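Down below is the structure, laid out as structure tokens.
Bear in mind that the values in this text are calculations on the coordinates, not laboratory data. Everything numeric in this text was worked out from a predicted model, so none of it was measured. Because the Cβ atoms are built from the backbone with ideal geometry, glycine has one as well, and the counts that use them run over all protein chains shown.
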Amino acid sequence: MPILVVQNDAFTSSLKSAQITNTASADVVAAVASTKLRVLAMAITASSGCTVKLQSGASSDLTPPFYLGANGNITLSNSLGLFESASGEKINAVVSGTTDYSVFVSYREVPV
């Protein structure tokens, strides 16, 4: 059985987070030149039924549309990363309809 050693201190100084609460599609993380935004964890909540998906640069889907019921939520995490934006592109949320929703992401900036 292999032994996995994780040194969390090596990662925590570069770990960032962002959140939005909105009723329409919105930017979650601003673009950073020559950098990919690697999402390690995310949580999405909605007050009424809708779909929410995350995109890179407002054009390329990073996630499928998550179907959320009233007061629904989804949480995902992976210490190696769930997905990342294209170099120099923002991460934005696209919501169906007009409902109160929130998105929280934990991410790292990865120089290209």
The extension gain from N73 to A43, computed as 0.36 nm times the residue separation minus the Cα-Cα distance, is 10.1 nm
Could you give the spread of the C-alpha atoms of the chain along their three principal axes, from largest to smallest, in whole angstroms? 45, 35, 21
I'd like to compare 72-80, 93-101: which one has the highest average count of other Cβ atoms within 10 Å, and what's the full order after that? 93-101, 72-80
